[in-house]
Structures are given as structure tokens and as C-alpha cells.
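Peer 1: Pasting in a structure now, in C-alpha cells, and then I'll have a few things to ask.
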Amino acid sequence: MTIEDLKPTEFASFYSGYVSKIPKNTSLMDCFEEGSKTIINFFKSIPSEKQHYKYADDKWTIKEVFQHIIDTERVFMYRCFRIARHDQTALAGFEQNGYIEPSKANSKSMDILIAEYQSVRKCFIVLLNSLDEEDLKFKGTASGNTMTARAAAFIAIGHERCHMDIIKERYL
């Protein structure tokens, strides 16, 4: 399954920016496996003196952005799991800004953040490998909007790509 298989009715329109970051011919599993290597290499390449940089007082540091990517992947993995299990319970949104301070991202080493990312990504890949196409197409509700399990997975990939682009443009 590729991003081209995903229909606009499977996710809220505000996720379109993330979905548009994914190349049309890339399979979902390739996105997860190749994306993992890309993200790890990207964050490993950031010099330590830049890791606490933020381009404005009200913005996150690079480490905080990385932690946000990790936390968001956890949330979307949970959404994917619940929806793929045909759970019709509406899933609440989350306040991303409220997660940053308690995460203590700036006190973590980049190696710890990378290990955390790798662990979460591996869990998401194992989950996706356990699902069939019917489960991935199942529709649920997240943040008050329709979402399929596969949309949750693709959005997680697009989200990390979006933030990687922001770091390249505004931080480095």
C-alpha cells in the first residue's frame, strides 16, 4: 500500500500538509523503515552546540522538536492500534505544547533520544506488520474527525518529515 491508496476522506484536511510530504510511490512499510534511517542520520548529524538552539523565544529547541516527533509517533501508533482493532470509541486529541516541559528533552543526550525514537519506531513497525489491509482501512474517530488506521500511520511519517524540513530551514 502506498500513499496514493490513501483517500482524502480517511483523515482530517489539516493533516494534508503532512500527507503531502510522502512520495507517491513509497509503500507504507518502506516509509517506516527508510524514514527511520533518515531521521536517525539527520539527528546524529546535528552538532551538539546546535541541539539546544531555538530560532525564537517561544519555539522549541532541536532536542524538543525531536522529542515532539517521538511523542507524536506514540500518539499516532496508539490511534492506529485502536482503530485497527475496530474500536469505535472516539479518541481524544492531545496538547503537544504541554508534553514538552515534562519530557525533559533538553536534559537528554542525543543518543538517548535516538534510542527512544528507535524503540518507538520498532514498535510501530511490528504493529503494522501484524495488521491486514482490512484493519488498516478501518475508520475510527480521532480529535473529532474520521481517521483510518493507515492514515494514522502515514500522518506519523509525514509529521516527522515536516519537522525535519522545519529544522533544516529555520534551525541549521
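The values are calculated or read from the model by the stated rules, or taken from the named source; none is laboratory data. Nothing here was measured: the structure is a model prediction, and the numbers come from that model. Virtual Cβ from ideal backbone geometry, glycine too; neighbours counted across all protein chains shown.
Peer 1: I'm told Glu4 meets every condition in (1) more than 16 Å from the chain's Cα centre (by Cα); (2) modelled with pLDDT of 95 or more except one. Can you identify the failing condition by its number?
Peer 2: For Glu4, the failing item is (2).
Peer 1: Further question on the same structure: For region 154-172, which positions are over 29 Å from Leu127 (Cα atoms) and assigned to a helix (DSSP H, G or I)?
Peer 2: Residues satisfying the conditions are Lys168, Glu169, Arg170.
Peer 1: Out of all the residues in region 1-39, which are more than 16 Å from Ala149 (Cα to Cα) and surrounded by 15 or more Cβ atoms within 10 Å (Cβ to Cβ)?
Peer 2: Lys21, Ile22, Thr26, Gly35, Ser36, Ile39
Peer 1: Only one of these is touching a Cys at 6+ places or on another chain (Cβ under 9 Å) and small (Gly, Ala, Ser): Ala142, Ala115, Ala153. Name it.
Peer 2: Ala153
Peer 1: Restricting to region 42-73, give me the number of residues that are out of contact with any Phe, Trp or Tyr (no Cβ under 6 Å at 6 or more places or on another chain), among the acidic types (Asp, Glu) and either part of a loop (DSSP other than H, G, I, E, B) or touching a residue at least 24 places away in the same chain (Cβ under 8 Å) (or both).
Peer 2: 4
Peer 1: Quick check: anything in region 95-109 among the aliphatic types (A, V, I, L, M), farther than 28 Å from Glu4 by Cβ and part of a helix (DSSP H, G or I)?
Peer 2: Yes - at least one qualifying residue is present in region 95-109.
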